[in-house]
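The values are calculated or read from the model by the stated rules, or taken from the named source; none is laboratory data. Not measured: the values here are computed from a predicted model. Cβ placement follows ideal geometry from the backbone for every residue including glycine, while neighbour counts extend to all protein chains displayed. The area values use the complete protein model at the heavy-atom level, side chains included, leaving out ligands, DNA and RNA. Shrake-Rupley method; radii C 1.70, N 1.55, O 1.52, S 1.80 Å.
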Amino acid sequence: MKYTRTAAVAAVGMAAALSLTACGSGSSSGTNSSAKGASSSSGSSGSSASSESAAPPAGNAQSPGSTSDSGGDTRTGNDVKTDSGKGADSGAAAKGASQTAGKVTFCKTGNLAISAVDAAPDKTEGRIDITMVNRGSTTCSVTGFAGVDITDADHTTSPIERGHAQPRITVLKPGEAAIFNLAYPIDNSGNSLTSPTKLLVTPPNETHTVTLKWPAGAGAIKGAYTDVQVYPTHTTK
């Protein structure tokens, strides 16, 4: 009987020891698990904070190529016209020019036969017509304004201002002609302040110039060379 009681006490003690060991293990596991969770949470929070700090404010987000509401203009290409060359409107010229191998081609001065004649409609309005014939072997463009200077008898040269007119698309096949004109008021008093002798003509989008004689019979210019205006090219059709 005594043996049985002793065995029972021993069994109870062993059970208590096992219980304490289990509790300690569970507490350690819970602590480790909690620590891992805290570490994971901290890492996630840090990642989130880093992500938020790198992203721009939603109000300033803008897709590439868009137009800013603050007035910035991101247009490119032919939407924005600029002057190019000596007297050519490149925006209109680019649209009207022929294309060879994907590139815009303008008529070269050396491929144009250029001449000037008096074409005044009456004795008060002076007009000089300047014709350009494509004598090259390919189609090309002369769209825009030609550059024109007038040389006076005193050897001074004056640039001629553009008239208020919109350039027309002017494309020339081999053998075809385009024309543009100079307009000015005629001085019939016999006391004109100008004595023009030559015209210096530079085709649209070109830099090489052709020298022509002032047309015989053309009326005297009333005022100064600033009263003469050049108008854009157009076809003779």
(message) Considering only residues that are small (Gly, Ala, Ser) and either buried (at least 18 other Cβ atoms within 10 Å of the Cβ) or under 21 Å from Ala220 (Cα atoms) (or both), which ones fall in the range 137-167?
(response) Ser141, Gly144, Ala146, Gly147, Ala153, Ser158, Gly163
(message) Whether any residue in the range 185-193 is among the β-branched types (Val, Ile, Thr) and under 28 Å from the mean Cα position of the chain (by Cα) is what I want to check.
(response) no
(request) Within the range 195-219, work out how many residues are over 41 Å from the mean Cα position of the chain (by Cα) and open to solvent by less than 40 Å² (accessible area, probe 1.4 Å). (result) 2
(message) I'd like to verify a number: residues in the range 172-194 that are of a type outside the set (Lys, Arg) and open to solvent by 40 Å² or more (accessible area, probe 1.4 Å), how many?
(response) 9
(request) Check off (1) hydrophobic (A, V, I, L, M, F, W, C); (2) farther than 30 Å from Asn188 by Cα; (3) modelled with pLDDT of 95 or more for Ala97 and give me the number that stays unchecked. (result) (3)
